[in-house]
Amino acid sequence: MTQPKKLFIKTYGCQMNVYDSERMAEAMGGQGYVQTDSPDDADMILLNTCHIREKAAEKVYSELGRYKGLKSERPDLKIGVAGCVAQAEGEEIMRRQPMVDLVVGPQSYHRLPELEAKARGGEKALDTDFPEEDKFERLKSRPKAKRGPTAFLTVQEGCDKFCAFCVVPYTRGAEVSRPADRVLTEARDLVERGVRELTLLGQNVNAYHGHDRGLAGLIRELAKIDGLERIRFTTSHPNDMDDDLIAAHGDCDKLMPYLHLPVQAGSDRILKRMNRQHTAEQYLRLIERLRAARPDLHLSGDFIVGFPEETEEDFRDTMALIEAVQYGSAFSFKYSERPGTPAAERPQVSEAEKDDRLQRLQALLTRQQRALQDAMVGRDVGVLFEKAGRLPGQMVGKSDYLHAVHVAAEGLQPGDLRPVRIVESGPNSLKGVLV
Ligand code: SAH
Ligand code: SF4
Ligand code: F3S
């Protein structure tokens, strides 16, 4: 028997890249590859990259630099770059790092086996097209191996929104939805293999139109699958939150009470310059409607500080919006200039001001996150257990609201969903006992 070849994949960026990496590993399984945790014994190294901020993109080149030694020791080692940097920079990557053998954009992953064969034959292989076909349909069907209790499932890709700061519409292309029947088939298959919780993914997941009643229609179909206990989705745009999706938060038991709904800023002047197509007031009204449907909904968001021309007053509007919402968790970033995007051409805010604003914003968000987490103490909440904790006899899982919860109890297995009484709130997680 021939030895299997080894594939090392390193994933950066968003959850869609995590899902894509899984699918690429499975496709390469068909080419005789097994995955390895270390680049040192790999026959192929694949970086699945992110282009969202300058730092993320530059990481790719420093990581590639690290493999120079390996490649000179073992010239047979193939090095590939996938993901959003591959799409944005294409051949430029091979010019900057001639040891790269293969560059593949996010819409061409089904062509990876051919590209690998080409690279094996000693040629440079590049594919950054936006083909019409559904790449996931063309990727090898998923193996039947047992899975952990949670999984991602990409249902929509791409973005037509063109926020003035963002590269995603260029790296992932136009919005495309996978047909509902294919999503349902994949979901049933994942559930048969042990999955209890699905997170539906899309750059604009609530713009999903693969079902005639949109994302809410898809969620209601998924909720009928026996054995599937929980459904989540991310990332949503405020303007695509339709009535049925709001209602689903109130009437679909399997849809978890946690919603990531980025707003980016709280100043209308900045929202307009960002091309977000909504005001701060419209966002707040939407939150009110969501909370009317599901009063205990935990909200999460993304924020950018120091967007071009943001004044101290604009920034205070963002702080006021955060005070009004009370977030359960959030991600915040300093604005990063991205080549080719309209905001990069505007007058920039100084690095010192960005640092100062980010610090103040994060302090407020951390306080809110902690307050909501502390308020869980004494409450009963569902916990889906995922893995053993650090202490003997302990298991870790996620609450309905996505908090990490530690419980010490005999006989708990990954995949068990149990009511838990929260007894303690720590810096990053909760402690509970079975009820
Ligand atoms: N589709 C999602 C977000 C995708 S990018 C949405 O519309 O919400 C994830 C986050 O990265 C964004 O929400 C934004 O907060 C941040 N981001 C995107 N471009 C950025 C840039 N140029 N500088 C800093 N942060 C950025
Ligand atoms: Fe980027 Fe805006 Fe599209 Fe989100 S909605 S991916 S921030 S362009
Ligand atoms: Fe990054 Fe591409 Fe995701 S730029 S955030 S990996 S869509």
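Values in this text are rule-based calculations from the coordinates and carry no lab data. Note that this is a predicted model, so its numbers are computed, not measured. Note that we place each Cβ from the backbone using ideal geometry, even for glycine, and neighbour counts take in every protein chain shown.
A few comments on the model shown:
- Backbone geometry of region 248-262 corresponds, through the Karplus equation with coefficients 6.51, -1.76 and 1.60 at θ = phi - 60°, to 3J(HN,Hα) couplings of 4, 5, x, 10, 9, 4, 7, 7, 6, x, 8, 9, 8, 9, x Hz, x marking Gly and Pro.
- Percent RCO, i.e. relative contact order, over region 200-283, from Cα pairs under 8 Å lying at least 6 residues apart: 27 percent
- Calculated from backbone phi, Karplus (6.51, -1.76, 1.60) coupling profile of region 401-416 in Hz, x at Gly/Pro: 8, 6, 6, 6, 10, 9, 9, 9, 7, 5, x, 6, 10, x, x, 6
- Taking θ as phi - 60° and the Karplus parameters 6.51, -1.76 and 1.60, the scalar couplings of region 347-357 work out to x, 8, 8, 5, 4, 5, 5, 4, 4, 4, 5 Hz in sequence order, x denoting glycine and proline.
- Region 1-42 shape via C-alpha gyration tensor axes, a/c threshold 1.5: oblate
- Amide H contacts of residue 199: 151, 152, 153, 232, each under 5 Å away and 5 or more positions distant or on a separate chain (H built 1.01 Å from N in the peptide plane; Pro and chain starts excluded).
- Three-way shape label, region 92-222, alpha-carbon gyration tensor, a/c 1.5: oblate
- Sparse packing (at most 10 other Cβ atoms within 10 Å of the Cβ) combined with a DSSP loop state is found for the following trypsin sites (Lys or Arg not before Pro) in region 204-283: 224.
- Neighbour-count order for 225, 270, 304, fewest beta carbons within 10 angstrom listed first: 225, 270, 304
- Relative contact order %, the chain, counting alpha carbon pairs below 8 Å whose residues are six or more apart: 10 percent
- Relative exposure of 110, 209, judged by other C-beta atoms within 10 Å (fewest first): 209, 110
- Scaled radius of gyration (Cα, divided by 2.2 N^0.38 Å) that region 309-435 gives: 1.43
- Gyration tensor over alpha-carbon atoms, the chain, equivalent ellipsoid semi-axes in Å: 35, 29, 22
- Dipole size of the chain about its Cα centre, with +1 on Lys/Arg Cβ and -1 on Asp/Glu Cβ: approximately 960 debye, rounded to the nearest 20.
- The alpha carbon centroids of region 126-165 and region 183-261 are separated by 16 Å.
- Applying the criteria of a DSSP loop state and at most 13 other Cβ atoms within 10 Å to the trypsin sites (Lys or Arg not before Pro) of region 60-119 yields no site.
- By definition, a body whose alpha carbon gyration tensor gives a ≥ b ≥ c is rounded when a/c is under 1.5, and region 1-148 falls into this rounded group.
- Mean separation of Cα contacts under 8 Å, 6 or more apart, over the residue count of region 13-155: relative contact order %: 25 percent
- Pairwise centroid distance, computed over Cα atoms, of region 21-89 with region 362-424, Å: 34 Å
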